[in-house]
Each structure stands twice: as C-alpha cells, then as structure tokens.
1. Please go through the range 318-336 and give me each residue that is within 12 Å of ligand 3 (Cβ to nearest atom) and among the charged types (D, E, K, R), ordered by number.
2. Do we have any residue at all in the range 198-206 that's open to solvent by 20 Å² or more (accessible area, probe 1.4 Å), under 21 Å from Thr19 (Cα atoms) and over 16 Å from the mean Cα position of the chain (by Cα)?
3. Please identify the pairs in which a residue from the range 250-269 that is under 20 Å from Glu20 (Cβ atoms) has its Cβ atom under 9 Å from the Cβ atom of a residue that is open to solvent by 10 Å² or more (accessible area, probe 1.4 Å) and among the hydroxyl-bearing types (Ser, Thr, Tyr), counting only partners at least 6 apart or on another chain.
4. Go through the residues of the range 154-174 one by one and say whether even a single one is small (Gly, Ala, Ser) and out of contact with any strand residue (DSSP E or B) (no Cβ under 9 Å at 6 or more places or on another chain).
5. For the range 324-337, check the following and say yes or no: at least one residue is among the basic types (Lys, Arg), more than 22 Å from Arg82 (Cβ to Cβ) and touching a helix residue (DSSP H, G or I) at 6+ places or on another chain (Cβ under 9 Å).
6. Looking only at the range 10-44, which residues are among the charged types (D, E, K, R) and under 20 Å from the mean Cα position of the chain (by Cα)?
7. Out of all the residues in the range 172-186, which are out of contact with any Asp or Glu (no Cβ under 9 Å at 6 or more places or on another chain), surrounded by 14 or more Cβ atoms within 10 Å (Cβ to Cβ) and of a type outside the set (Val, Ile, Thr)?
8. Conditions first: (1) surrounded by fewer than 21 Cβ atoms within 10 Å (Cβ to Cβ); (2) free of Cβ contacts under 8 Å to residues at least 60 places away in the same chain; (3) more than 16 Å from ligand 1 (Cβ to nearest atom). Leu124 passes all but one, so which condition is the exception?
Amino acid sequence: MSMTVEELIAKAEQTQQLTEDELVLLLTDPAAAAPLYEAANRVREQYVGPQVELRGLIEFSNICKQNCLYCGLRRDNRQVPRYRLEAKMILDFGRRAAELGYKTLVLQSGEDDFFAPERLGPVLQELKNLGVALTLSIGEKSREEYAALRVAGADRYLLRIETTDKELYEKMDPGMSWDNRVRCLLDLKELGYEVGTGSLVGLPGQTIESLARDVLFFQKLDVDMVGIGPFIPNPDTPLAEAVGGTFDLACRMMALTRLLLPDANIPATTAMETLQPDGRMLALQRGANVVMPNVTDTDYRKMYMLYPGKICLNDAPADCRGCVTGKIHGIGRSVSQDQGFRRRRKSGGMN
Ligand code: SAM
Ligand code: SF4
Ligand code: FES
C-alpha cells in the first residue's frame, strides 16, 4: 500500500530519502503543503538553527553575452540600458556593505567577458581585506578561470542548473549546453568552492517530474547552497506571454530541498517576494535560512531588471539592511554574525 503524505514526510525527515514519485506527490497533493512546510521548518531549526545568514548582493554589470529566453539581461534585449561598475565603485559598495555588518558579499553579473579574472581578481583581493566571504555569480567559465578567481579570493559560486531537463534547458538558453553547465558545477566543487545551484520554477514546458529530479540532482551533487526561484515572465523577452511559476510551487521545491539536504544554505529568494508580499519571511518559515539584500546603489537597481516587479528599487542599502533585520526579528529569528559557511551535520542535526 502506498504511504500517506504524513508518512512520506516522516520518512524524509528520518532518512533524507524520497523517490521521484514520492517527490511528485509532495509537489502536487493539495494536502501536502502545510505539513511539508512545517517539516521543513523543523528540519531547518534542527540542522541550521534559528539564525538567518545575510548576504549583501552587488549587481556589478548587466551586460550579458548570453540570450536566455526568460531573462531581462539577455543580449537581444535593447530595452535595458547597460552598465558596468568601475572597480572603485564595486569596492565602494563592498566597503559600505561591510560597514552595515555584512559578512558575505555576493558579486553577480551577466556573462560579461570584460570582467575576465585579470580584471576581477584584483577587485576580489581588495574586497577580501574587508574580512568578508566572497560569492560569485557570473556564469559559465573555463576551469582555469574558476581556478584563478578562487586564488584571487572567491569562496563560493552560485550557478543554477535552472532545470535538469536537458532539452528544455537548451531550448531556454540557446547556444548553451547543459553538459557544460554540469561541468562547471563539478569543476567548481573540485576547486574547493562552496557551490550553489538551483532551479527556475514554472518555465514553459517544465514538468513536475523534472522538478522532482531537480531536487534529487541537488542531493546527488551534495551542493552547499540551493536557490529556488519562481520564473517571472518579462515583457521584454520572448517569454513575455508565458504563465510563470507560482509562489506555492517554488516553496514546495525549497521545502523538499531542505528535507533532502538538511544542512544546506537555502535562500529565501527575491523573486519569491515579488510574487507574494512578505514572501521571503514566509520562505524563512518554510525551510530557508538565508536572505540576500541588495547593496547596489538605487541608480543601478532598475537597470538590473531580470523580471518585472523587482523589490526595493528605491531603497538604499542601509534601508534594506534595517528592513530585513526588523522582519527577521519579527518572526522570532536572529541575524547570524559569522560568514555563514555550510556547517555539515550528520543526520540528527545539532543535538
Ligand atoms: N548570468 C549569471 C547566470 O545566469 O548564472 C548570473 C546572473 S543571472 C541574472 C541569475 C539568475 O537569475 C539565473 O540563474 C536565473 O535563474 C534568474 N532569472 C533570470 N531571469 C529570471 C526571471 N525572468 N524570473 C526569475 N528569475 C530569473
Ligand atoms: Fe545572461 Fe544569466 Fe540572464 Fe542568462 S540568466 S541572460 S546568462 S544574465
Ligand atoms: Fe529592501 Fe525591505 S529589503 S526595503
């Protein structure tokens, strides 16, 4: 006889194992959402505790040579004015973020070859002097480039697989290869980065079965961080008319990821908040333990427009820091004071 939703969730909590079919059931059964969120919250408390890691996000270039169908930064989008921050300005934003208390900075951009390791490396070296951990999210590079950036001071790397459906991936990211994306993730791991990946939930043509396989993929790779976001259609892209993902399905993906990778760092993503007021705080109560407030100046925020409805367009870095800290305290949690590397825990958590 097949197991009930409650039995499946209990099994996942005890063994960190679910099959593809079981994941599909928990992603779809209307009765599964509430117990799944409660379980993910329990596991998060047990394995990573009440503290929330804050990472300061610097969006340092919106120039991209790729043409992903879903993304506002795609190279064929002529509607967005392009910018590249000068090294001095990146350092300036980094310094101010460190002064606000950030212990990790995330440097994100389009795939912009201008920022080759020879240019970005010295910036990383200087940022390291601020005593922060550094995360990069700048797309696909060669193993040699990843190695050079690691030597220059990068500690972590975020590269979403977007979808484990290879055919869908190559349709959504024309000219890119799914195998190369996996190669990047494996190289990053071998080079000693903490590695983050994740999915875009709600891409046109994406099946629930493939989402279930995404969660199994995160677990198989034993990644350190998993960022799950709903796909939000952008009117300036070929997917303008697409339906997009839902907050609920993105939360279920995130909660299941917490059950199967209990000690991973899992952000409450900005796209979740775009779909649902206070979505990040709900996500923090459904398995997430990280928030990535923007520390880029407002002038640039509106040009880094992946999708419409981006939050905090007119808020200064200090406003976002205060806002997020207040909300975290409001749900009875606290802000972590360390760099927030993954703390590996054996099954059973901190006890
Ligand atoms: N260029 C790098 C890359 O693609 O890995 C880093 C920057 S890219 C803008 C970061 C993430 O934005 C992508 O991995 C993708 O999942 C997300 N993204 C892009 N367009 C989006 C959309 N329309 N809705 C939600 N997320 C989106
Ligand atoms: Fe470029 Fe990344 Fe957007 Fe793709 S998702 S178009 S690689 S910025
Ligand atoms: Fe930016 Fe709330 S996080 S104002």
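1. Asp319, Arg321, Lys327
2. yes
3. Ala250/Thr269; Cys251/Tyr37; Arg252/Thr28; Arg252/Tyr37; Met254/Thr269; Ala255/Tyr37; Pro262/Ser347
4. Here is the first cut: in the range 154-174, the ones small (Gly, Ala, Ser) are 154.
Now drop any that are not out of contact with any strand residue (DSSP E or B) (no Cβ under 9 Å at 6 or more places or on another chain), which leaves none.
No, the conditions are met nowhere in the range 154-174.
5. Filtering the range 324-337 down to residues among the basic types (Lys, Arg) leaves 327, 333.
Narrowing further to those that are more than 22 Å from Arg82 (Cβ to Cβ): 327, 333.
Restricting the remaining residues to those that are touching a helix residue (DSSP H, G or I) at 6+ places or on another chain (Cβ under 9 Å) gives 327, 333.
Among the residues of the range 324-337, at least one is among the basic types (Lys, Arg), more than 22 Å from Arg82 (Cβ to Cβ) and touching a helix residue (DSSP H, G or I) at 6+ places or on another chain (Cβ under 9 Å), which makes the answer yes.
6. Going residue by residue through the range 10-44, those that are among the charged types (D, E, K, R) are 11, 13, 20-22, 29, 38, 42, 44.
Once the filter is applied, which keeps residues that are among the charged types (D, E, K, R) and under 20 Å from the mean Cα position of the chain (by Cα), the range 10-44 yields only Arg44.
7. At the first step, the residues of the range 172-186 found to be out of contact with any Asp or Glu (no Cβ under 9 Å at 6 or more places or on another chain) are 174-175, 179, 182, 185-186.
The next check asks that each one be surrounded by 14 or more Cβ atoms within 10 Å (Cβ to Cβ); those that pass are 182, 185.
Scanning the range 172-186 gives a single hit, Leu185.
8. (1)
The values are calculated or read from the model by the stated rules, or taken from the named source; none is laboratory data. Source: prediction; values computed, not measured. Backbone-built Cβ (ideal geometry, glycine too); neighbour counts: all protein chains shown. We work out accessible area using only protein heavy atoms, side chains counted, and drop any ligands, DNA or RNA first. Shrake-Rupley method; radii C 1.70, N 1.55, O 1.52, S 1.80 Å.
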